[in-house]
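The values are calculated or read from the model by the stated rules, or taken from the named source; none is laboratory data. All values reported here derive from a predicted model rather than from experimental measurement. Every residue, glycine among them, receives a Cβ derived from its backbone with ideal geometry; neighbour counts consider all protein chains shown. Just so you know, the surface numbers come from the protein's heavy atoms only, side chains and all, with ligands and any DNA or RNA stripped out. Shrake-Rupley method; radii C 1.70, N 1.55, O 1.52, S 1.80 Å.
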Amino acid sequence: IVTNLTMFSAQIAAALARTDHLIVNLGAWDEASYQAIYAPRGKISFNDVVDHSKTLTALSRGPKIKIGYVITKNNFRHILEAMKLAHSCRVSSVRFKLMDPSDFTKSLVLDQLDRQWLCDQIKQILKNPPAVENNLRDLLGTLSGPSEFSLPDHGRCFVGWLVININ
């Protein structure tokens, strides 16, 4: 299950506890970045999402929890903070992924200088590996490849074809 953990209650926690794997979509590292990236209009705070994550990781029988961190121009300089956050929440790992651009999001794609900065940062992080499992070595390989992204033919995000929302 992929979730942003913004809707949370005892019943939701109980349902999520019966799953095997849970990915918390969180590309933020503090309250200001959370509000700027997700703009939840004050309905939920970053600390709420962190508390919800900690509630789930504290369960004796709960899902294996990962943080999914989609890298954009807004958050690429904060991957170390994201890993520290994941460690403090006691999640099993962080999976970093470069954003798949569309016509609407291509302004958030890393340019060549951003990619180089991120490569250098990852190399520094890997010299003293963080306590939380991650895919930084794989990401480094991806970043070292071609820097030009091609937009999908349909020009839209295809996540809707791969996931389901249940309200």
Do we find that Ala86 is at negative phi, surrounded by 17 or more Cβ atoms within 10 Å (Cβ to Cβ), of a type in the set (A, V, I, L, M) and touching a Phe, Trp or Tyr at 6+ places or on another chain (Cβ under 6 Å) in this structure? no
Between residues in region 29-53 that are over 17 Å from His87 (Cα atoms) and of a type in the set (A, V, I, L, M) and residues that are modelled with pLDDT under 85 and not in a loop (DSSP other than H, G, I, E, B), which pairs lie under 9 Å by C-beta distance while being six or more apart or on different chains? Ile44/Tyr38
Matching residues, region 123-142, being under 21 Å from Pro101 (Cβ atoms), modelled with pLDDT of 90 or more and either among the charged types (D, E, K, R) or touching a strand residue (DSSP E or B) at 6+ places or on another chain (Cβ under 9 Å) (or both): Asn135, Asp138, Leu139
Which members of region 10-28 meet the condition of being touching a residue at least 40 places away in the same chain (Cβ under 8 Å), of a type in the set (Gly, Ala, Ser) and either open to solvent by 70 Å² or more (accessible area, probe 1.4 Å) or assigned to a helix (DSSP H, G or I) (or both)? Ala13, Ala17
Looking at Met7, Met83 in this structure, which one is part of a helix (DSSP H, G or I) and of a type in the set (A, V, I, L, M)? Met83
Single match in Phe46, Phe104 (criterion: within 15 Å of the chain's Cα centre (by Cα) and aromatic (Phe, Trp, Tyr)): Phe46
Restricted to region 52-74, and to residues that are in a helix (DSSP H, G or I) and of a type in the set (S, T, N, Q), which residue is nearest to the chain's Cα centre (by Cα)? Ser53
Residues of region 29-60 being open to solvent by less than 60 Å² (accessible area, probe 1.4 Å), under 15 Å from Ser88 (Cβ atoms) and of a type in the set (A, V, I, L, M, F, W, C), which ones? Trp29, Phe46, Val49, Val50, Leu56
